[in-house]
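Participant: After the structure tokens below, expect a handful of questions from me.
The values are calculated or read from the model by the stated rules, or taken from the named source; none is laboratory data. These figures come from a predicted structure and were not determined experimentally. Quick reminder, even Gly has a Cβ in these numbers, built from the backbone with ideal geometry, and neighbours come from all protein chains shown.
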Amino acid sequence: MSEIPLSDIPALLLRTLPETADFIAQKYEMSAEAAVLTEEMTADLYEVLAECLTAPVLMPQLKSATPDTELLARCWDFVERLTAHSLESVRGAAYFEVLEQLLDADGLVEAAWPYMGERTRARTLTMLDFYGVRLPGIDGR
């Protein structure tokens, strides 16, 4: 998987997760297809992840009794691309706006774990260690 340029991340989000389109359009007051081409959306990566992916799409699925497993797989494939990025700002956006949000409710890390890629799991373990959170079956303690 080759690294995607920073400026292409918004378009990748929309292509990978068309479920984010309405949230992107609402945030930028234009079509999602137009918004992903703006420099503003690239500059707002942290906000975009929080407001257009994590809160409205990812978290409801992780909290659902009957999650859409295909959607969750696409979400975590996208996050994996971000956690593997060479730019710290991109990795940081994934860490703070996606992974840290898993600590908001019991069971979210466990619900997400099967869908995470290798790098995302490693970052999640780092986060759990940093916050002193121990989860049986996840962090081996």
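Participant: Between residues in the range 102-130 that are closer than 20 Å to A84 by Cβ and buried (at least 19 other Cβ atoms within 10 Å of the Cβ) and residues that are modelled with pLDDT of 95 or more and small (G, A, S), which pairs lie under 7 Å by C-beta distance while being six or more apart or on different chains?
Facilitator: These pairs meet every condition: L102/A112; Y115/A73.
Participant: Now, a different point. Any chance you could count how many residues in the range 101-134 are over 20 Å from F78 (Cα atoms) and β-branched (V, I, T)? Give the steps one after another, and end with the answer.
Facilitator: The first filter runs over the range 101-134 and keeps only residues over 20 Å from F78 (Cα atoms), leaving 104-107, 128-134.
Those still in the list that are β-branched (V, I, T) too: 133.
Here the count works out to 1.
Participant: Filter the range 56-75 down to residues that are in contact (Cβ under 8 Å) with a residue 12 or more places away in the chain and among the small types (G, A, S), then give me how many there are.
Facilitator: 1
Participant: Being buried (at least 17 other Cβ atoms within 10 Å of the Cβ) and not in a loop (DSSP other than H, G, I, E, B) is the filter; apply it to the range 40-50 and report the residue that is nearest to the chain's Cα centre (by Cα). Explain how you work it out, then say what you get.
Facilitator: As a first pass, look at the range 40-50 and keep what is buried (at least 17 other Cβ atoms within 10 Å of the Cβ): 41-42, 44-45, 48-50.
The next check asks that each one be not in a loop (DSSP other than H, G, I, E, B); those that pass are 41-42, 45, 48-50.
Values: M41: 15, T42: 15, L45: 11, V48: 10, L49: 6, A50: 8 Å.
Looking at the filtered set, the residue picked out is L49.
Participant: Specify which of the listed residues (L37, L71, L102) is part of a helix (DSSP H, G or I) and within 25 Å of P5 (Cα to Cα). Spell out how you get there, then give the answer.
Facilitator: Working: L37 fails: part of a helix (DSSP H, G or I); L102 fails: within 25 Å of P5 (Cα to Cα).
It is L71.
Participant: Could you go through the range 76-90 and let me know if any residue there is without any contact (Cβ under 8 Å) to a residue 40 or more places away in the chain, crowded, with 19+ Cβ neighbours inside 10 Å, assigned to a helix (DSSP H, G or I) and over 10 Å from the mean Cα position of the chain (by Cα).
Facilitator: The answer is no, given that none of the residues of the range 76-90 is without any contact (Cβ under 8 Å) to a residue 40 or more places away in the chain, crowded, with 19+ Cβ neighbours inside 10 Å, assigned to a helix (DSSP H, G or I) and over 10 Å from the mean Cα position of the chain (by Cα).
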